[in-house]
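Working notes, beginning with the structure itself.
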Amino acid sequence: MGHITLKQVTKSFGEVQVIPPLDLEINDGEFVVFVGPSGCGKSTLLRLIAGLEDVSSGEITIDGRAATEVPPAKRGLAMVFQSYALYPHMTVRKNIAFPLRMAKLDIAEQNKRVEAAAKVLNLTDYLDRRPGQLSGGQRQRVAIGRAIVREPAAFLFDEPLSNLDAALRVNMRLEISELHQTLDTTMIYVTHDQVEAMTMADKIVVLHAGVIEQVGSPLELYHEPRNKFVAGFIGSPKMNFVEGEEAVKLNAKCIGIRPEHIGVSLESGDWKGTVGVSEHLGSDTFLRIKMPGVQEHMTVRVGGEFGARHGDTVYLTPDRSKLHRFDAQGLRIA
Amino acid sequence: MATQHSRSAARIMMAPAVFLLLVWMLVPLCMTLWFSVRSYLPLRGGDQGFVGLENFSRFITSSAFWPAVQTTLIIVGGVLVISIVLGVLLAILLDQPMWGQGVVRILVIAPFFVMPTVTALVWKNMFMDPTNGMFAHLWRFFGADPVVWLTDASVLSIIVIVSWQWLPFATLILLTAIQSLDSEQLEAAEMDGANPVARFFFIALPHLSRAITIVILIQTIFVLAVFAEIFVTTGGAFGTRTLTYLIYQRVLESQNVGLGSAGGVYAIILANIVAIFLMRIVGKNLDN
Ligand SMILES: Nc1ncnc2c1ncn2[C@@H]1O[C@H](COP(=O)(O)OP(=O)(O)OP(=O)(O)O)[C@@H](O)[C@H]1O
Ligand SMILES: [Mg+2]
C-alpha cells in the first residue's frame, strides 16, 4: 500500500511562499521522481509528505487516511537522507534495527528482519562495523536497510546518490531500481540528475519555483513537453531554442529542437553556422555552433566521429517532424 | 614540519616555552619532594634535617587524612554530577531558538568570570546567611525554619557553590557539542519512531559523550584543588576539610612545612591516579 494524495498543499516559510497550491497524486507501487533546478522546493515537498515540515494549508492523504496532522513516525513512510543520517555511535546492525527497537519488536523478530535486509543489500559482512568504517556506497545501503526493515507504505529518497562518485552512482541507481522491482513499494525520489530521473522513474514530476510544470512518464516529457521550461530541462544536452525569423516562419514565438534531431553536413543544409567547440566522445561528437542571428550557441549531436574543427563552416538541417513550437507564453503548440 | 631543517627550526623556536614550562613545574615539584623528606618547622627551629619517610607516614596515619580524602572525592563527584546534568539541560535549552538568545548565553557564562573568593562571599552572605540570606527569607516565607547552611549542610553548600562556578563551563562546552549535532540524524530518528525522550537518550546523549568526558576531565583536575571557596566559607570546619585544605593547615596553621609537603606529594599521586583513570576513558571515547 502506498497511495499518496496532495490536495491544494501550500508551504510558506514566514512571508515567502515556497510551494503555491499544489495537487499531486501518487499511485501505489509507483516510482515517482521529483526533478527541478536547485531551490525549486523538491526537498520541501518531500519533507511535507514525510511530515518533517507542517503544511501551511491543504491536505495530505496516505492510503485514504488523512495524514496532514499525523506525526512523521505514524505515517508509515521511511526516508533516506542525502547525508544518510546514520547514527555514528551504533553498529550497522543497531542502525538497521533502530526503527524496530523503537517499535518495541521482540529481539528475535528484530534480528530476523535485520539479517534479511542485510542479505538483500549485501551488508551481511559489515553488520558489526560502525558507519565511520564504511564506504559511501555501503553507508547508503545501510540507510536504505534502515528504511526497508520498517516495511513502509512508501520510501522517500532525497538525492540519495549525490555524494557518490559516478561509477558507484550508476551501480546504486540500478540497485534501487531492482529494489523497487522486488519490493513493489511506492518510492518518491528527489534528484536533479537528468539520467536518474529518466532511467528510474515511472512518473516524473517537474518542479519549477514550487509549481508543478508537468507530470508524466519520462518519454512523454521527452516527446511532448508541455512548455519551454520542461523542454529545456528534460534531455541532455539541452534543447536548442531559436527565436525570431525562423520561428515566425513556423507561426511560433520560439522553436525548439533537440541536439540529436539536427543533421549536419559540410556542404549544404537549411541553416549555416560556424563551429565553436567540438567535443569528441568517440561514440558521439557534440558540436557547439554559432549561427548568425541566433543568440545562443546551437548544440548538435552527431553519432560517431565527425571531422569538424573550430572555425569550420557547417550546414544544419533540423528534423521538421521533431521540431517543437512554443507560443508567447512558452506553452508548446501541439 | 616536513623537512629536517624546518623541524630543527621548530625545536629552537619552542625551546624557550618548553624551558619555562619545565622550570615552572619542576622547581616547585622538586622543592616539595625535598621538603617532604625533611623536618622543617619555620617557627620552631627551622630546618632540622633529613627524616626519611616519617612525614609521609605521619600524614597518612593522622586521623584527618582519610576523612579529607573522602570529602575531596564527595565534593568532586557532587560538582561533576550537578554541573553535567544541569549543563546538558541548560545546553539543550539554550540551543532552542528564542528571543534574546545572545544576551542569555552571555549571562549564563558570567559566573565563570567571577573570582572564586567573590563567589564564595556572595553565596555565604547573600544566599546562605541564616538570618539575612535569600534562602533564609525563602524558608521563612513558607513558614519553615531557615537552614544554617554552612554548619548543618556544609559539604552540600560547598558543592553548590563550586557547581555554580563550574556550571557555565560545562554548559558552554556541551552547547557547542549540541550545536554540532546533525539535525538530519534527529529527523531520521523521528521518522524511525523515536519520541523526544528516546531521541535524547539514543541520539543526543551519545553525541555528547565526548564533550562530557572532556568536561569531567578538566573539572576534576580543577575541583580537586578547590581552596578559596572553603577558606572563605567554613574554614575547613564541619567536615569540609579537603586534602588541599588539610595540606594548607599543616603548612600554615601547624607551621609544619615537611608534613605539608608530604601531603602535597600524596595530592600529586591522587591527582595522577584520577587523571590516568580519566585519560583511559577519554581515550576510549575519543577513539571512535
Ligand atoms: N527552513 C527554511 N526556512 C526558510 N526558507 C527555506 C527553508 N527551507 C527551505 N527554504 C527555501 O525554500 C526553497 C526550496 O528549498 P528546497 O530545499 O526544497 O529546495 P530543493 O529543490 O530541494 O533544492 P536543492 O536541489 O538545492 O536541494 C528555497 O528557496 C529555500 O531557500
Ligand atoms: Mg534539496
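The values are calculated or read from the model by the stated rules, or taken from the named source; none is laboratory data. No experiment lies behind these values; they were computed from the predicted model shown. Every residue, glycine as well, gets a Cβ built from its backbone with ideal geometry; the counts of neighbours run over all protein chains shown.
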Elements of type helices (runs of 4 or more DSSP H) contained in segment A:206-284, each with 1 or more residues being among the small types (Gly, Ala, Ser): A:228-233, A:245-249
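A quick yes/no check of all residues on (1) in contact with a strand residue (DSSP E or B) (Cβ under 7 Å, 6 or more places away or on another chain); (2) in contact (Cβ under 8 Å) with a residue 60 or more places away in the chain; (3) closer than 25 Å to B:Leu174 by Cβ:
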{"position": "B:Ala9", "(1), (2), (3)": "no, no, no"}
{"position": "B:Val23", "(1), (2), (3)": "no, no, no"}
{"position": "B:Phe59", "(1), (2), (3)": "no, yes, no"}
{"position": "B:Leu90", "(1), (2), (3)": "no, yes, yes"}
{"position": "B:Pro97", "(1), (2), (3)": "no, no, yes"}
Strands (runs of 3 or more DSSP E) enclosed by segment A:31-115 - at least 2 residues per element that are touching a residue at least 24 places away in the same chain (Cβ under 8 Å) and within 14 Å of B:Glu190 (Cβ to Cβ): A:77-80
3 or more residues among the aliphatic types (A, V, I, L, M): qualifying helices (runs of 4 or more DSSP H) within segment B:11-126: B:65-95, B:101-109, B:116-122
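Matching residues to (1) out of contact with any Leu (no Cβ under 7 Å at 6 or more places or on another chain); (2) within 19 Å of A:Pro318 (Cβ to Cβ); (3) outside the structural domain of A:Leu45 (by TED's automatic domain parsing); (4) at pLDDT 90 or above:
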{"site": "A:Ser217", "(1), (2), (3), (4)": "yes, no, no, yes"}
{"site": "A:Asp270", "(1), (2), (3), (4)": "no, yes, yes, no"}
{"site": "A:Leu287", "(1), (2), (3), (4)": "yes, yes, yes, yes"}
{"site": "A:Gly304", "(1), (2), (3), (4)": "yes, no, yes, no"}
A:His192 within 16 Å of ligand 2 (Cβ to nearest atom), crowded, with 16+ Cβ neighbours inside 10 Å, at pLDDT below 90 and under 14 Å from the mean Cα position of the chain (by Cα): yes
Tally, over segment A:147-163, of residues that are within 16 Å of ligand 1 (Cβ to nearest atom), closer than 13 Å to A:His180 by Cα and either touching a Pro at 6+ places or on another chain (Cβ under 9 Å) or within 12 Å of chain B (Cβ to nearest Cβ) (or both): 1
Output for segment A:78-104, where each listed residue is touching a strand residue (DSSP E or B) at 6+ places or on another chain (Cβ under 8 Å) and within 7 Å of chain B (Cβ to nearest Cβ): A:Ala78, A:Met79, A:Phe81, A:Pro99
Among (1) more than 7 Å from ligand 1 (Cβ to nearest atom); (2) away from every other protein chain (no Cβ under 14 Å); (3) over 17 Å from the mean Cα position of the chain (by Cα) - the single one A:Val33 does not satisfy: (3)
